[in-house]
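Report on the structure given below.
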């Protein structure tokens, strides 16, 4: 079990704050690094700055690397900015981790890295997404995250730095930016539906990171999909793209009544399913928040989010008005 100092990058963000909060609660020594100041940031600086990283990483046993430019920044930051943060910044952290004798490195990636591989061809079943699916990035965000993953594997194998890559699905609370569904679905309805195939609660994301930190030395290098456990099986994939509500009704007979009570509806089709089997098997990860859990909370008129998710709330990704991802 890891017990030493932890460097958390991106400590002012959603996951960074969640990790710092959780590690502090365990009595761990934590140094938070971010370009933005916050109560969870110990040092303001760039992960692409060798001198800053060298200073912060001294004495650290572990690095939990969440800092990144995200998909919402694609419209506001140019490609060199993405390369500097997501690729060069990750390279600097890996190099300084090796130099400092770090024994555990966890890199937060994203299921967005799969890109065009997430969308099935017309007439095909829903895409079944495991760690073995080859990414086909659709934008600079995906390109730089997959490049950073490759750098993690390169350094892990060449320098014997234990690295675990976690491809996380959606855990942010901000309003969805998909113009095809936001006009006809309320936000809470969208997020509940997503627990079937592409969403995860931040409390479960934190537990995956801490398990990855613990298991990294034994794993050497590993990569996992981190998403709520889907109720679907591979044999459901064809029907999901034709009639997702029918599949959901069969698996959850109480869903239709609860959704009707709320005036909600199920998506007509589901085109992908994130499969977390390998993370559950190899990490011993046991995510609590899935669609069954969310539906039970809704039926009892409780907030389906974890206490940690409610505490952190929405942060947005831009400090000025930029649409659904703006700080409120």
(request) Can you pull the one-decimal nm distance between simple spin-label points at residue 134 and residue 186, each 7 Å off the Cα toward Cβ? (result) 4.5
(message) Can you tell me the orientation of helix 140-159 relative to the chain, as the angle in degrees between its alpha-carbon axis and the longest Cα principal axis, to the nearest 10?
(response) 50
(request) For segment 223-243 and segment 89-156, compute the distance between their C-alpha centroids and round to whole Å. (result) 20
(request) Return the single residue from 280, 199, 250 with maximal mean-square fluctuation; model: Gaussian network over the chain, springs between Cα atoms under 10 Å. (result) 250
(request) Round to the nearest 10 and give me the degree value, 0 to 90, for the angle of helix 89-100's Cα axis relative to the longest principal axis of the chain. (result) 50
(message) Compute the helix-to-body angle for 14-25: its Cα long axis versus the longest principal axis of the chain, expressed 0 to 90° and rounded to tens.
(response) 70
(request) Given the options 34, 301, 55, state which has the largest fluctuation in a GNM of the chain using a 10 Å cut-off (strictly under) for Cα springs. (result) 301
(request) Per DSSP H run of at least 4 residues, take -39500 (n - 2.57); add these up for the chain, divide by its residues and hand me the 222 nm value, nearest 500 deg cm²/dmol. (result) -11500 deg cm²/dmol
(request) Springs between alpha-carbon atoms under 10 Å, Gaussian network over the chain: tell me which of 123, 101, 16 tops the mean-square fluctuations. (result) 123
(request) State, as an integer percentage, the relative contact order of segment 164-247 based on alpha-carbon contacts under 8 Å between residues 6 or more apart. (result) 46
(message) What does DSSP give for segment 1-100 in terms of the percent of beta bridges that are antiparallel, rounded to the nearest 5?
(response) 0
(request) Arrange the peptides 214-222, 145-153 so that the one whose residues have, on average, the most other Cβ atoms within 10 Å appears first. (result) 145-153, 214-222
(request) With an 8 Å cut-off on Cα pairs and a minimum separation of 6 or more residues, tell me the relative contact order of segment 5-312 in percent. (result) 17
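Since every read-out is calculated from the coordinates, none of them should be taken as a lab result. These figures come from a predicted structure and were not determined experimentally. When we count neighbours, we look across all protein chains shown, and the Cβ atoms used for this are built from the backbone with ideal geometry, even at glycine.
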